[in-house]
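**Q** Dropping the structure in here first, questions after.
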C-alpha cells in the first residue's frame with residue numbers, strides 16, 4: 001500500500017490509485033456572543049425632518065454580526081424608509097448595506113444580511129414627522145471568517161453543548177460579509193464554537 005500522506009511527496013493526501021486529493025482544512029469559529037438588542041449599535045435616533053448621517057455615538061459589534069434597524073416612536077410618523085449602514089467587514093474591507101424597508105406607520109425591526117466588524121456611519125432618511133425614531137442594533141447572524149462556496153459547517157456548540165439542529169448558514173464565494181451562521185438556539189453570552197471545512201486548493 002502507498003503512503004496516504006507523505007510530506008515529501010507534494011504534502012497532499014494520496015489515494016490508492018495514485019491521485020492526489022484536494023486539500024481541505026477545518027476552521028474553528030469561537031466567540032461568546034450575547035443576544036442582540038435593538039440599541040446595541042446606536043440609541044434611538046430622533047427624526048428631525050431631514051436625512052441624517054450619524055458618525056458619533058456608535059458602538060461597534062463585539063464580534064462580526066449582522067445589523068438591525070428598529071422604527072419606533074409615534075407609529076403614524078414612521079415612513080417606509082431604508083437605513084444605510086457603512087463600515088467594514090471581517091477583513092477590514094469597506095462594506096455598505098441598505099437595510100430592508102420599514103413598514104409605513106408600523107413600529108418594528110428590519111434585519112440586515114451582511115455581517116459587520118465595524119460601523120462607521122448610519123444614514124437615516126427622514127420619516128414623515130419628528131416623533132418617529134430609528135435605533136440600530138445587532139442581529140443573531142455570526143460572521144464567518146472565510147468566503148465559502150457551499151455550506152460546509154460540521155458541528156456547532158453553544159456552552160459546550162452540541163446543537164441538535166444545524167444552524168442556518170449563508171455563503172458567498174465573492175462577498176465575505178455574506179458568510180454567516182445563525183444558531184438554532186438563542187444567543188446568551190455563552191461560548192459558541194462553529195467548525196466548518198475550508199477548501200485549500202481553491
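The values are calculated or read from the model by the stated rules, or taken from the named source; none is laboratory data. Remember, predicted model here, so these are calculated numbers, not experimental data. Reconstructed Cβ throughout: ideal geometry from the backbone, glycine too, with neighbour counts over all protein chains shown.
**Q** Do you know which residues across the range 77-120 are assigned to a loop (DSSP other than H, G, I, E, B) and out of contact with any strand residue (DSSP E or B) (no Cβ under 6 Å at 6 or more places or on another chain)? Can you show your working first?
**A** Residues of the range 77-120 assigned to a loop (DSSP other than H, G, I, E, B): 78-83, 89-93, 99-107, 117.
The answer is 79, 80, 81, 91, 92, 93, 101, 103, 104, 105, 106.
**Q** While we're looking at this one, here's another question. Could you list all residues from the range 150-166 that are closer than 13 Å to residue 183 by Cα and free of Cβ contacts under 8 Å to residues at least 24 places away in the same chain?
**A** 161, 162, 163, 164, 165, 166
**Q** Which residues, counting only those in the range 60-76, are outside any strand (DSSP E or B), within 27 Å of residue 91 (Cα to Cα) and in contact (Cβ under 8 Å) with a residue 40 or more places away in the chain?
**A** Keep residues of the range 60-76 that are outside any strand (DSSP E or B), which gives 60-64, 74-76.
Filter once more, keeping what is within 27 Å of residue 91 (Cα to Cα): 60-64.
Matches in the range 60-76: 60, 61, 63, 64.
**Q** How about the range 45-59: which of its residues are surrounded by 15 or more Cβ atoms within 10 Å (Cβ to Cβ) and assigned to a loop (DSSP other than H, G, I, E, B)?
**A** Answer for the range 45-59, where residues must be surrounded by 15 or more Cβ atoms within 10 Å (Cβ to Cβ) and assigned to a loop (DSSP other than H, G, I, E, B): 47, 58.
**Q** Within the range 124-143, identify whether any single residue is surrounded by fewer than 19 Cβ atoms within 10 Å (Cβ to Cβ), closer than 18 Å to residue 89 by Cα and under 18 Å from the mean Cα position of the chain (by Cα), and answer yes or no.
**A** We begin by selecting, within the range 124-143, every residue surrounded by fewer than 19 Cβ atoms within 10 Å (Cβ to Cβ); these are 125-126, 128-131.
Checking which are closer than 18 Å to residue 89 by Cα leaves us with none.
Checking the range 124-143: not a single residue is surrounded by fewer than 19 Cβ atoms within 10 Å (Cβ to Cβ), closer than 18 Å to residue 89 by Cα and under 18 Å from the mean Cα position of the chain (by Cα).
**Q** Follow-up question, since we're still on this one. So which residues in the range 123-143 are touching a helix residue (DSSP H, G or I) at 6+ places or on another chain (Cβ under 8 Å) and either assigned to a strand (DSSP E or B) or without any contact (Cβ under 8 Å) to a residue 40 or more places away in the chain (or both), if there are any at all?
**A** So in the range 123-143, the residues touching a helix residue (DSSP H, G or I) at 6+ places or on another chain (Cβ under 8 Å) come out as 127-132, 143.
Hits for the range 123-143 are 132, 143.
**Q** Among the candidates 173, 181, 186, single out the residue that is in contact (Cβ under 8 Å) with a residue 60 or more places away in the chain, surrounded by fewer than 19 Cβ atoms within 10 Å (Cβ to Cβ), within 16 Å of the chain's Cα centre (by Cα) and outside the structural domain of residue 83 (by TED's automatic domain parsing). Spell out the reasoning first.
**A** On the way: 173 fails: in contact (Cβ under 8 Å) with a residue 60 or more places away in the chain; 181 fails: surrounded by fewer than 19 Cβ atoms within 10 Å (Cβ to Cβ).
The match here is 186.
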